[in-house]
Amino acid sequence: MRVLQSATRVLAATILAALAVGCGKDSNAPDSPFDPAGTSSDLAAMNASFESPAMASFSSAATDIAMTTGGSAALALQVRPTAMLAKGDKASAMRYAGVLAKALTSRPRASLAVAASVIPTELLGTTFIWDVVSQQYAASDLTGAPANGIRFLLYAVNPVTGIPTEPLTEVGYADVVTTATSVNIVVVSDNVTYLDYSARVAATSGSSASINVAGYVTNGQDRVNFDLDNGITINMTASDTTLDLTQDYLLTVPTRGGFRIDLESTLTTSFKTDNQALTLDLSAQGEHGVVRITGTETNGTGTFQVKVNGDLFATIEVTAGSQPVVTGKDGGALTAAEEAALEDVFHVFGGGLAFFIGLLGPLDA
């Protein structure tokens, strides 16, 4: 069973752009003194929540699960959350947007479709295990899988190859349950749920669609709750075709005093010229203060204003192909800790791309 490639590429790209261009705000945020080291520490804890042996084993199995399920279940696996949600490369995000535009316009018609969510009836209740001979997952006679879904056993993996080590060491399982409108994925190891999220995809027309990915992830120490809403619209005229993306994205870390990242943004890409224009509003807030970044950018170049606890703190100048340049409000240099914290926050702006681009590669075959 193959994934419906056009739907997967276009809809997964919505998530990618969301991770690359978002941000938000909260007028009720605490007015704590800005502690740059503490802010960087909160972001590091957020990243670490996605990194555990159970998640590594799940990542190893994800491609096999996607090929088995197909449709929106495969899409849900492609947009699964990782540590790259909160770190990344801004420049690679903009390059990807250009690649996406060209890929879409290479088709006779730019359109959106949603693959069926429901797992094939003959697979329901099936547990899949790793076959050391074929080096892939295969159906088994084991029981325990959800009656309305499938189960993949997870194994300790080689950190270099990402393939289960031999002899096999079972470490948990991943359950995938689908309905006509959503996909739910749960990862369990040693009776601890490390990941639990649902993905909902809806096409309102042949040119518009929305995606929501919501749930939580933990490494056993810190936990991140995430809620990602995305919209995508393709506008076709006689002279050009544009791709409009809107994002409303929230991550919270209850184990770090309620630290949260809010993202809101819009991005418009011209298929004819590859021109891209975006607006950005990003905030990181918690016990160590509130950092808010707002601004606009065209074709990878723009200016963003940084406020800390509501007061102007710095500006960020971005130029296509270069690292962001941070300058203090009076033109002076920031301390190393302050600059590191702002760059950590700003890099959320480009998060997710390296991971997701790698996943999309096989779908182009």
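Figures for the structure shown
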read-out: Test: residue 218 is over 30 Å from residue 53 (Cα atoms) and buried (at least 17 other Cβ atoms within 10 Å of the Cβ); value: no
read-out: Residues of the range 120-144 satisfying the condition of being over 29 Å from the mean Cα position of the chain (by Cα) and closer than 23 Å to residue 158 by Cβ; value: 131, 132, 133, 134, 140
read-out: Odd one out for residue 184, checked against (1) assigned to a loop (DSSP other than H, G, I, E, B); (2) closer than 28 Å to residue 255 by Cβ; value: (1)
read-out: Candidates 195, 168 - the one that is of a type in the set (A, V, I, L, M), surrounded by fewer than 18 Cβ atoms within 10 Å (Cβ to Cβ) and either touching a residue at least 24 places away in the same chain (Cβ under 8 Å) or not in a strand (DSSP E or B) (or both); value: 168
read-out: Residue ranges of strands (runs of 3 or more DSSP E) in the range 249-365 with at least 1 members within 23 Å of the chain's Cα centre (by Cα), modelled with pLDDT under 80 and farther than 30 Å from residue 62 by Cβ; value: none
read-out: 2 or more residues of a type in the set (S, T, N, Q) and at pLDDT 85 or above: qualifying helices (runs of 4 or more DSSP H) within the range 1-74; value: 36-49, 53-69
read-out: Which numbered condition residue 162 fails, given (1) touching a Pro at 6+ places or on another chain (Cβ under 6 Å); (2) part of a loop (DSSP other than H, G, I, E, B); (3) of a type outside the set (D, E, K, R); value: (1)
read-out: Odd one out for residue 311, checked against (1) out of contact with any helix residue (DSSP H, G or I) (no Cβ under 6 Å at 6 or more places or on another chain); (2) acidic (Asp, Glu); (3) farther than 24 Å from residue 257 by Cβ; value: (3)
read-out: Failed item, numbered, when residue 230 is tested on (1) closer than 30 Å to residue 53 by Cα; (2) not in a strand (DSSP E or B); value: (2)
read-out: Matching residues in the range 226-254 - criterion: being surrounded by fewer than 17 Cβ atoms within 10 Å (Cβ to Cβ) and either at positive phi or of a type in the set (S, T, N, Q) (or both); value: 235, 237, 239
read-out: Test: residue in the range 210-227 that is farther than 30 Å from residue 189 by Cα and out of contact with any strand residue (DSSP E or B) (no Cβ under 8 Å at 6 or more places or on another chain); value: no
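The values are calculated or read from the model by the stated rules, or taken from the named source; none is laboratory data. Just so you know, these numbers come straight off a predicted model, no measurement behind them. In this analysis, Cβ positions are derived from the backbone assuming ideal geometry, glycine residues included, and neighbour counts consider all displayed protein chains.
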